Each structure stands twice: as C-alpha cells, then as structure tokens.
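Novice: The following block contains the structure, expressed as structure tokens.
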Amino acid sequence: QVQLVESGGGLVQAGGSLRLSCAVSGSTLSINIMGWYRQAPGKQRELVAAITSGGTTNYADSVKGRFTISRDNAKKSVFLQMNSLRPEDTAVYYCTAEVRRLGVKFSSDYWGQGTQVTVSS
C-alpha cells in the first residue's frame with residue numbers, strides 16, 4: 001500500500017512561516033508529479049503548488065513569491081516552505097503524489113490525510 005504522511009502544520013501569526021513535509025511510503029516504482037492542495041472552510045480544494053520529478057514547478061498566483069515547493073526524490077518526499085503567511089492561507093493542506101507502483105501498469109494519484117494551517121491576524 002502507498003501512503004502519504006504529512007507533517008508541519010500549525011498555528012502561526014500573520015507574516016510568519018511554516019514548512020510542510022510529506023513522505024511517501026510503500027512500494028513505488030516511480031513518483032512523477034507531487035504537489036500540495038488546500039481547502040478552506042466552505043471553499044473548494046485548490047492547487048497550491050506542484051513539482052515534477054525533474055524539478056519543474058507550478059504555483060497558484062496567490063502564493064507566488066511567498067511559497068516554495070521542493071522535493072527529495074531519494075527520500076520520496078515533498079516540502080512546502082510557506083513565508084509571509086496571511087490569514088487567507090488558513091486551510092487544511094493536502095499532499096498529493098502521482099505514483100506508479102511496482103507491478104502496476106498505470107500511475108495513480110494518492111493523497112495524504114491533510115494538515116491544518118491556521119494563520120492568525
């Protein structure tokens with residue numbers, strides 16, 4: 001079984017920083033795109049940032065210049081450094097990974113359980 005385990009959420013004041021981590025466990029042949037989504041109360045889940053296995057990144061306009069996504073392929077991990085946090089960044093943050101498992105022909109998307117980020121004003 002493939003599992004994604006997130007850590008690093010919490011409560012921070014506006015202007016502060018947090019670093020989210022997500023590690024993939026289980027038998028994997030390859031991991032292509034890894035990313036972070038978030039969902040605030042009453043809102044749809046939205047893409048925050050994504051990164052390919054080659055390091056190409058993509059960010060939501062609302063976080064450009066403040067958030068940085070990175071990954072460690074050897075450790076099957078992805079990170080989200082969040083700086084200059086704003087109250088509107090408050091949400092549950094979910095890690096996702098496109099994983100090809102050993103013995104399986106096609107890749108599938110897997111999700112973490114989510115970690116709460118709360119930014120106080």
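Novice: How large is the dipole of the chain about the Cα centre if only Lys and Arg carry +1 and Asp and Glu carry -1, each at its Cβ, rounded to the nearest 20 debye?
Specialist: 220
Novice: With an 8 Å cut-off on Cα pairs and a minimum separation of 6 or more residues, tell me the relative contact order of the chain in percent.
Specialist: 35
Novice: Count the net charge of all other residues whose Cβ sits under 12 Å from the Cβ of residue 31, scoring Lys and Arg as +1 and Asp and Glu as -1.
Specialist: +2
Novice: Right, here's the next one. Keeping every protein chain present and rolling a 1.4 Å probe, give me the accessible area per residue for the stretch 73-121 in Å².
Specialist: 54
Novice: If you average the alpha carbon positions of the stretch 84-112 and of the stretch 31-56, how far apart do those two centres end up, in angstrom?
Specialist: 6
Novice: Right, another one. Could you pull out which residues in the stretch 51-76 have an amide N less than 12 Å from a spot 7 Å beyond the Cα of residue 84, following the Cα-Cβ vector?
Specialist: Within reach of a label on residue 84, which here means backbone N under 12 Å from a point 7 Å along Cα→Cβ, the stretch 51-76 contributes 62-68.
Novice: Please list, in chain and number order, the residues 5+ apart from residue 86 or on another chain whose amide H is under 5 Å from its amide H, with Hs placed from the backbone.
Specialist: Here the answer is 15, since their amide H atoms fall under 5 Å of that of residue 86.
Novice: Please report the carbon-and-sulfur percent of the accessible area for the chain; probe 1.4 Å, protein heavy atoms only, DNA, RNA and ligands left out.
Specialist: Carbon and sulfur atoms account for 47 percent of the accessible area of the chain.
Novice: Average the reciprocal distances over every distinct pair of alpha-carbons in the chain, invert the result, and give the Kirkwood radius in Å.
Specialist: For the chain, the Kirkwood estimate is 14.5 Å.
Novice: Continuing with the same structure: Given N residues in the stretch 34-97, what is its alpha carbon radius of gyration divided by 2.2 N^0.38 Å?
Specialist: Expressed relative to 2.2 N^0.38 Å, the Cα Rg reads 1.09.
The values are calculated or read from the model by the stated rules, or taken from the named source; none is laboratory data. Remember, predicted model here, so these are calculated numbers, not experimental data. FYI the Cβ positions are ideal-geometry reconstructions off the backbone, even for glycines, and counts take in every protein chain you see. Only protein heavy atoms, including side chains, enter the accessible area calculation; ligands, DNA and RNA are left aside. Shrake-Rupley method; radii C 1.70, N 1.55, O 1.52, S 1.80 Å.
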